[in-house]
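The values are calculated or read from the model by the stated rules, or taken from the named source; none is laboratory data. As the structure is a prediction and not an experimental result, all values here were calculated from the model. Don't worry about glycine lacking a Cβ; one is built from the backbone with ideal geometry, like all the others, and counts go over all protein chains shown. Protein only, heavy atoms only, side chains kept; ligands, DNA and RNA dropped before computing areas. Shrake-Rupley method; radii C 1.70, N 1.55, O 1.52, S 1.80 Å.
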Amino acid sequence: MSDIVLESVSKSYDGKKVLDNISLSFKEGKTTCIKGASGCGKTTLLRIIAGLIEKDSGSIRGLPERISYVFQEDRLCEDFSAVSNIMAVTGRKLPREAALQHLAELGLAESALKPVRELSGGMKRRVAIARAVCYESGLIILDEPFKGLDVKLRRNVMDYIKRHGDGRTIICVTHDPEEADYMGGELIDMEEEKV
């Protein structure tokens, strides 16, 4: 693995520039938080890094082979249990007991075997985060991962990510400066990058 480096990356939708010659780097094994107003291109940037959409121009190097992603919406298999959602991405590499332990750390021990459609929004959010953390990846992308969680839960989830994300590159989008501060690492303001 190495640093992830973006050079002069641009992206437009219907003639409107969302990203204009953005050059950034994300340090290997470190956390970087990205903040900025809605519509400034944060999610577009993440999707380009993850290979979900094509950039119009520029280059990206240093991407790991495997990437975990927590989207703004949870994207869980609603009929699967919380633990089955994790096992669906980890396969046999992660013992079921370990997946259950991850859910317990996030306060979901009682709900681990319930279909996620029966869980609250905040519970689903934590399942999505556990699934991304449990997947064996070199990069974890978190797009507003703490929305819908109260302050105490947020701290618990951030501690969980810091405990289990150690050694992996983490890119986290947040609107909250306190979250960015608590997660540690570098802070990138997309508004400043556009200037």
(request) Could you tell me which residue of segment 82-107 is farthest from the chain's Cα centre (by Cα), considering only residues that are over 16 Å from residue 156 (Cβ atoms) and not in a helix (DSSP H, G or I)? (result) 95
(request) Mind counting the residues in segment 51-84 that are open to solvent by 30 Å² or more (accessible area, probe 1.4 Å) and either within 27 Å of residue 102 (Cβ to Cβ) or in contact with a helix residue (DSSP H, G or I) (Cβ under 8 Å, 6 or more places away or on another chain) (or both)? (result) 21
(request) State the number of residues belonging to segment 134-160 that are open to solvent by less than 10 Å² (accessible area, probe 1.4 Å) and either in a helix (DSSP H, G or I) or on the phi > 0 side of the Ramachandran plot (or both). (result) 3
(message) Can you say whether residue 109 is without any contact (Cβ under 8 Å) to a residue 60 or more places away in the chain and open to solvent by less than 50 Å² (accessible area, probe 1.4 Å), as far as the supplied structure shows?
(response) no
(request) Could you check how many residues of segment 9-23 are open to solvent by less than 70 Å² (accessible area, probe 1.4 Å) and under 18 Å from residue 34 (Cβ atoms)? (result) 7
(request) Look through 137, 120 and report the one residue that is more than 24 Å from residue 64 (Cα to Cα) and either among the polar types (S, T, N, Q) or modelled with pLDDT of 95 or more (or both). (result) 120
(request) Scan segment 162-192 residue by residue and report those that are charged (D, E, K, R), under 17 Å from residue 143 (Cβ atoms) and either touching a strand residue (DSSP E or B) at 6+ places or on another chain (Cβ under 7 Å) or in a helix (DSSP H, G or I) (or both). (result) 168, 179, 189
(message) One residue is enough: does segment 95-104 have a residue meeting the conditions acidic (Asp, Glu) and in contact (Cβ under 8 Å) with a residue 24 or more places away in the chain?
(response) no
